[in-house]
Amino acid sequence: MITLCGAFIVVFMSCCVIVPALKCVLHSVQLTHRAFSLGFKSTMTKTFGYLPGTILFGAIIDRTCKTWIRETCGIKYQCKHYNNKRMAISLALLGCGFRSLSA
């Protein structure tokens, strides 16, 4: 139940941020530069949002592993059991925190 509420909050905050950010970008540039500014915004979002986000979410998933199956040369790469409650809470808090920060 807590995870569902956390996921709802993250999705709701995502929807609340998208339109104001788009309006801000479109109203702050000249008409001839709007296409370029939207492309630039998309590039910056992917560079500073998606790439570090996947690394952070992956690190949280790895830290919630209880039992590792395979380890080669000190590198763990296959998890057998996860602490599901800890993972759900950690992922919800991280997503909610980043959406709060972006809002």
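The values are calculated or read from the model by the stated rules, or taken from the named source; none is laboratory data. Owing to the predicted nature of the structure, the values given are computational and were not obtained by experimental measurement. Cβ coordinates were reconstructed from backbone atoms using ideal geometry, including for glycine residues, and neighbour counts include every protein chain displayed. Surface areas here come from the heavy atoms of the whole protein model, side chains and all, with no ligands, DNA or RNA. Shrake-Rupley method; radii C 1.70, N 1.55, O 1.52, S 1.80 Å.
Here are some notes:
- Among the residues of the stretch 26-34, none qualifies, meaning not one is surrounded by fewer than 13 Cβ atoms within 10 Å (Cβ to Cβ), touching a strand residue (DSSP E or B) at 6+ places or on another chain (Cβ under 8 Å) and not in a helix (DSSP H, G or I).
- Taken over the stretch 51-103, the residue count meeting the criterion of being of a type outside the set (Lys, Arg), closer than 27 Å to Met1 by Cα and either at pLDDT below 80 or in a helix (DSSP H, G or I) (or both) is 27.
- For the condition open to solvent by 80 Å² or more (accessible area, probe 1.4 Å) and at positive phi, Cys73 qualifies.
- Of the listed requirements (1) closer than 19 Å to Leu101 by Cβ; (2) surrounded by 14 or more Cβ atoms within 10 Å (Cβ to Cβ); (3) in contact (Cβ under 8 Å) with a residue 60 or more places away in the chain, Lys41 misses just one: (3).
- The listed residues are Phe57, Phe48, and the only one of them that is touching a residue at least 24 places away in the same chain (Cβ under 8 Å) and either open to solvent by less than 90 Å² (accessible area, probe 1.4 Å) or within 16 Å of the chain's Cα centre (by Cα) (or both) turns out to be Phe57.
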